[in-house]
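Visitor: A single structure is presented below for examination.
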Amino acid sequence: MIRIMLVDDHTMVRDALQVVLEQDNGIEVVAAVGDGETALRVANELSPAVVVMDVALPGMSGIETTRRLLARHPEIKVLALSTHLDRRIIQQMLDVGASGYIAKSAAGAELKQGIRNVVAGRSYLCSEVAALVADGLRDRNSATGPETHVLSRREVQVATLLAEGKSAPDIAAELHIAPSTVDVHRRNLMRKLDLHNVVELTRYAIRNGLVLP
């Protein structure tokens, strides 16, 4: 059973997320709180496996709450959940130790998948956030040179999953595409990035914030 704490300042959002998550027999919501200070206190008491953290909280932000929470409890996984799809905010959450970032608009479809990924030690970006990361790589390419040459949103997703050690069939199942399509994306992104194996791809993914080191 995966023990979850929800942190969001909107009661209706917390209630809706709890209903969605508790439809899964492998997930238990042990707490649902509305601010960072309460989240830190309750985490001390209940030791959840995953904290689903809103970024925009009253008082202490979700970014600062995550930083303090993981300083005290590095074993807890934080999955950011937010309406804020700004690359700077996404990067700040990842920099303080969040294991993933999901847009609230994608919560129904991807939240359970994100939770299972971070519990397994993998990072997780929903498709909307992955698209922003892809845009960031394109912007960085314009400024710094060819290393981050244009990747599509799907190529970013495939690169991330390959760097996490997943096989082509696993990636195909997760992205709902054919294994042969995964192979096409893998060849294309390797060619675009001038990489030759998964080890080089993993280094690239860590360097560019796609996966956690």
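The values are calculated or read from the model by the stated rules, or taken from the named source; none is laboratory data. From a predicted model like this one, the values you see are computed outputs, not experimental measurements. Here the Cβ positions follow ideal geometry from the backbone for every residue, glycine too, while neighbour counts run over all protein chains shown.
Visitor: From the set of residues in region 23-33 that are within 19 Å of ARG116 (Cβ to Cβ) and in contact with a strand residue (DSSP E or B) (Cβ under 9 Å, 6 or more places away or on another chain), which is surrounded by the fewest Cβ atoms within 10 Å (Cβ to Cβ)? Walk me through how you get there before you give the answer.
Guide: Pass one, region 23-33, residues within 19 Å of ARG116 (Cβ to Cβ): 23-30.
Applying the additional criterion that residues be in contact with a strand residue (DSSP E or B) (Cβ under 9 Å, 6 or more places away or on another chain) yields 24, 26-30.
Numbers: ASP24: 15, GLY26: 11, ILE27: 21, GLU28: 14, VAL29: 19, VAL30: 16.
Within region 23-33, the match that is surrounded by the fewest Cβ atoms within 10 Å (Cβ to Cβ) is GLY26.
Visitor: If a residue must be within 15 Å of the chain's Cα centre (by Cα), over 17 Å from ILE102 (Cα atoms) and modelled with pLDDT under 75, how many such residues does region 132-175 contain?
Guide: The number of residues fulfilling the criteria is 0.
Visitor: Regarding region 113-122, can at least one residue be identified that is closer than 17 Å to ALA56 by Cα and of a type in the set (Gly, Ala, Ser)?
Guide: No.
Visitor: While we're here: LEU79 fails exactly one of the following numbered conditions: (1) over 12 Å from the mean Cα position of the chain (by Cα); (2) assigned to a strand (DSSP E or B). What is the number of that condition?
Guide: Here LEU79 clears every test but (1).
Visitor: Taking region 34-67, which residues are farther than 14 Å from MET5 by Cβ and either touching a strand residue (DSSP E or B) at 6+ places or on another chain (Cβ under 8 Å) or not in a loop (DSSP other than H, G, I, E, B) (or both)?
Guide: Hits for region 34-67 are VAL55, ALA56, ILE63, GLU64, ARG67.
Visitor: What are the residues in region 83-110 that are surrounded by fewer than 23 Cβ atoms within 10 Å (Cβ to Cβ) and either of a type in the set (S, T, N, Q) or in a loop (DSSP other than H, G, I, E, B) (or both), if any?
Guide: THR83, HIS84, LEU85, ASP86, GLN91, GLN92, VAL96, GLY97, SER105
Rundown of residues vs (1) in a helix (DSSP H, G or I); (2) at pLDDT 85 or above; (3) among the polar types (S, T, N, Q), yes/no style:
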residue: ILE177; (1), (2), (3): no, yes, no
residue: THR181; (1), (2), (3): yes, yes, yes
residue: VAL184; (1), (2), (3): yes, yes, no
residue: LEU189; (1), (2), (3): yes, yes, no
residue: HIS196; (1), (2), (3): no, no, no
residue: GLU200; (1), (2), (3): yes, no, no
residue: ARG203; (1), (2), (3): yes, no, no
residue: PRO213; (1), (2), (3): no, no, no
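Visitor: Restricting attention to region 34-52, and to residues there that are over 12 Å from ARG14 (Cβ atoms) and in contact (Cβ under 8 Å) with a residue 40 or more places away in the chain, which single residue is surrounded by the fewest Cβ atoms within 10 Å (Cβ to Cβ)?
Guide: In this case the residue turns out to be LEU46.
Visitor: Let me ask something else about it. Can you tell me which condition GLN113 does not meet? The list is (1) crowded, with 21+ Cβ neighbours inside 10 Å; (2) not in a strand (DSSP E or B), and all the others hold.
Guide: Failing condition for GLN113: (1).
Visitor: May I ask you to list the residues in region 49-104 that are closer than 18 Å to THR160 by Cβ and charged (D, E, K, R)?
Guide: LYS77, ARG87, ASP95
Visitor: Something else about it: Mind checking which residues of region 2-28 are over 22 Å from ILE90 (Cβ atoms), within 19 Å of the chain's Cα centre (by Cα) and in a strand (DSSP E or B)?
Guide: ILE2, ARG3, ILE27
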